Amino acid sequence: KIMGDDSILLTATCVRIPTIGGHSESVNIEFEHDFDVQEVKSLLANTPGVVLQDDVENFIYPMAITAHDKDDTFVGRIRRDETQANTMNCWIVSDNLRKGAATNAVQIAEYLLKKEMI
């Protein structure tokens, strides 16, 4: 973008903030087939435990402070990765003290009970 050369394929995410705690990850996901970004957003928005925050124009996207003291996982900045076929990039944030091994273990056990798997 800086060089004005569209032939250079690049995916970049920059975040410059201090945090008290939390996990923030730039995640690159490759699908087997082409995908619709809006469909991915819809699936995420309707997934229990996931909060979609994806309105960059209005500065609404996941931040560590958003996830602080919450069990949910926040996902945003969802976009196609133009450097690879069938690939998207997103930003995922959660409170690593709340959404970690203990909370995940409880949620997995609750799911298994609900589905009568244990």
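The condition (being closer than 25 Å to Thr11 by Cα and open to solvent by 60 Å² or more (accessible area, probe 1.4 Å)) is satisfied by just one residue among Ile78, Ile108, Ile65, Ile118: Ile65.
Within segment 66-73, not a single residue is outside any helix (DSSP H, G or I), of a type outside the set (S, T, N, Q) and touching a Phe, Trp or Tyr at 6+ places or on another chain (Cβ under 8 Å).
Here Asp95 meets each of (1) in contact with a His (Cβ under 8 Å, 6 or more places away or on another chain); (2) among the acidic types (Asp, Glu); (3) modelled with pLDDT of 90 or more with one exception, condition (3). Based on this model, can you work out whether Asn89 counts as under 20 Å from the mean Cα position of the chain (by Cα), assigned to a strand (DSSP E or B) and surrounded by 12 or more Cβ atoms within 10 Å (Cβ to Cβ)? Spelling it out, Asn89 is indeed under 20 Å from the mean Cα position of the chain (by Cα), assigned to a strand (DSSP E or B) and surrounded by 12 or more Cβ atoms within 10 Å (Cβ to Cβ). Residue-level analysis places Thr83 among those that are touching a residue at least 60 places away in the same chain (Cβ under 8 Å) and either assigned to a loop (DSSP other than H, G, I, E, B) or polar (S, T, N, Q) (or both).
Can you find a residue that is surrounded by 12 or more Cβ atoms within 10 Å (Cβ to Cβ), out of contact with any strand residue (DSSP E or B) (no Cβ under 7 Å at 6 or more places or on another chain) and of a type in the set (S, T, N, Q) anywhere in segment 16-38? Taking every residue of segment 16-38 in turn, at least one turns out to be surrounded by 12 or more Cβ atoms within 10 Å (Cβ to Cβ), out of contact with any strand residue (DSSP E or B) (no Cβ under 7 Å at 6 or more places or on another chain) and of a type in the set (S, T, N, Q).
The listed residues are Glu32, Glu57, and the only one of them that is closer than 30 Å to Leu9 by Cβ, part of a helix (DSSP H, G or I) and of a type in the set (Asp, Glu) turns out to be Glu57. Taking first residues from segment 40-54 that are buried (at least 18 other Cβ atoms within 10 Å of the Cβ) and partners that are modelled with pLDDT of 95 or more and assigned to a helix (DSSP H, G or I), the Cβ contacts under 7 Å between residues at least 6 apart in sequence or on separate chains come to Leu52/Lys41; Leu52/Leu44; Leu52/Ala45; Asp54/Lys41. Reported count of residues in segment 92-105, each being open to solvent by 50 Å² or more (accessible area, probe 1.4 Å), free of Cβ contacts under 8 Å to residues at least 40 places away in the same chain and either outside any helix (DSSP H, G or I) or touching a Phe, Trp or Tyr at 6+ places or on another chain (Cβ under 6 Å) (or both), is 1.
The values are calculated or read from the model by the stated rules, or taken from the named source; none is laboratory data. Given the structure is predicted, the values throughout are model-derived calculations rather than measurements. So basically every Cβ, Gly included, is an ideal-geometry build from the backbone, and we count neighbours across all protein chains shown. Only protein heavy atoms, including side chains, enter the accessible area calculation; ligands, DNA and RNA are left aside. Shrake-Rupley method; radii C 1.70, N 1.55, O 1.52, S 1.80 Å.
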